[in-house]
Amino acid sequence: MARKFAFIMDPLERVLVDKDTTFVFMLEAQFRGHEIYFLGIRDLYASGPQVIARARRCELARRDPHYKFLDEGAEYPLETFDAVFMRKDPPADAAYLYATMLLSLADSHRTFVLNNPAGLREANEKLYSLNFPDAIPPTLVTYEISRLKTFLDKQGGEMIVKPLDGHGGEGVFLVSTKDRNLGAILETVTQYESRPIMAQRYLAEARQGDKRLIVLDGEPIGCMLRVPRDDENRGNIHVGGNCVKAPITARDRDICRMLKPRLVRDGLYFVGLDIIGEYLTEVNVTSPTGVQEIDRLDGANLEGKVIDFVESRVTELKR
């Protein structure tokens with residue numbers, strides 16, 4: 001049965017056709033005959049308790065141009081849509097937060113939202129991992145430079161520091177006690193102790209790759225390694241990390257078992273776990289990427305599994 005799917009995302013003209021995960025979700029849904037609608041977070045508003053979306057129906061293709069709008073847009077009560085995909089890229093700033101609050105007003109008995117907006121508000125992509133102490137490396141969150149230096153000594157003289165609101169490797173540093181710039185780096189990342197940051201033990205396995213594990217409804221469905229360049233500590237794709245085929249390991253499955261009850265409870269149906277060696281380092285929930293890269297490496301169709309899942313949830317709502 002044809003459904004109406006709305007995608008809240010960044011502008012379609014900025015989509016990278018060979019990389020963007022939202023793009024293949026839309027293509028897969030379109031292939032199955034569903035109606036696809038585009039909107040940005042500024043296209044949401046509330047009239048009293050009723051949330052309205054100004055959305056435009058569209059079609060996509062793997063060619064130039066890669067999209068076209070089929071109308072000039074119209075205003076729809078959010079419950080017009082059978083499913084809404086909240087896929088706005090980070091940062092999860094104030095505008096993003098307000099959008100999730102509006103989405104929470106949607107009638108959950110009529111419209112399925114992926115991911116659950118309350119779960120998105122709860123799950124800072126750095127801090128959420130602290131709920132799973134048996135999965136993560138030694139970790140500290142603090143404002144204080146002296147505390148960071150003490151932690152650094154305890155970790156053998158090397159650690160990773162990163163801002164809590166960063167994304168895509170932004171603001172991530174490998175620091176060591178031997179670096180004469182240590183004080184300046186810690187002053188910079190904490191903004192002179194005015195914002196908290198996360199510090200984690202440096203894991204040497206990072207040189208072999210930072211694994212992106214795609215998880216759907218608490219179960220792993222695909223993964224890859226993002227291997228950093230020789231002159232770079234970060235494996236993120238947009239800073240030159242190389243995507244390498246990798247298996248889902250027994251440890252990966254153990255980590256998913258630890259996370260699943262909380263992910264399901266919070267309605268975080270589609271997430272991307274970052275795993276280095278044996279340790280979970282981040283839980284990506286806003287608009288996890290990597291599906292197209294894994295599809296190419298494994299000859300897979302992960303987006304098909306995601307749309308299967310969404311269709312099943314919509315069907316349950318309609319009963």
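For segment 1-65, what class follows from the C-alpha gyration tensor (a ≥ b ≥ c being the square roots of its eigenvalues): rounded when a/c is under 1.5, otherwise prolate if a/b is larger than b/c, else oblate? Note, shape of segment 1-65 comes out oblate.
The loop-placed trypsin sites (Lys or Arg not before Pro) in segment 126-225, going by DSSP, that have at most 10 neighbouring Cβ atoms within 10 Å of their Cβ come out as Lys178, Arg180. Among the GluC sites (Glu not before Pro) in segment 1-105, those located in a DSSP loop and surrounded by at most 12 other Cβ atoms within 10 Å of their own Cβ are Glu72.
Per-residue 3J(HN,Hα) values for segment 156-166, derived from phi via the Karplus relation 6.51 cos²θ - 1.76 cosθ + 1.60 with θ = phi - 60°, read x, x, 9, 7, 9, 10, 7, x, 6, 10, x Hz in sequence order (x marks Gly and Pro). So how far, in whole Å, is the C-alpha centre of segment 257-319 from the one of segment 159-235? Rounded to whole Å, the Cα centres lie 22 Å apart. Computed over segment 1-156, the P(r) tail beyond 22 angstrom holds 51 percent of alpha carbon pairs. What separates the Cα centres of segment 96-122 and segment 135-154 is a distance of 34 Å. Overall, segment 42-125 carries a charge dipole of about 180 debye about its Cα centre when +1 sits on the Cβ of Lys and Arg and -1 on the Cβ of Asp and Glu, all other atoms neutral. Report the local net charge at His34: Lys and Arg +1, Asp and Glu -1, summed over other residues whose C-beta lies under 15 Å from its C-beta. Within the 15 Å Cβ shell, the charges total -1.
Accessible area per residue for segment 242-308 is 39 Å², calculated with a 1.4 Å probe on protein heavy atoms, without ligands, DNA or RNA.
Taking amide hydrogens as placed 1.01 Å from N in the peptide plane, the amide H of Thr281 sits under 5 Å from those of Asp274, Ile275, Ile276, each at least 5 positions away in sequence or on another chain. The residues of segment 144-230 present an accessible area of 48 Å² per residue when probed at 1.4 Å with all protein chains retained. Look at the dipole of the chain built from charges on Cβ: of Ser287, Val24, Met1, the Cα furthest out on the positive end belongs to Met1. The apolar share of the surface of the chain, taken as the fraction of accessible area on carbon and sulfur atoms (1.4 Å probe, ligands and nucleic acids excluded), comes to 49 percent.
The values are calculated or read from the model by the stated rules, or taken from the named source; none is laboratory data. Fair warning: this is a prediction, and the values are worked out from it, not measured in the lab. Counting neighbours? That spans all protein chains shown, and the Cβs are built from the backbone with ideal geometry, glycine included. What goes into the accessible areas is simple: the full protein's heavy atoms, side chains included, and nothing from ligands, DNA or RNA. Shrake-Rupley method; radii C 1.70, N 1.55, O 1.52, S 1.80 Å.
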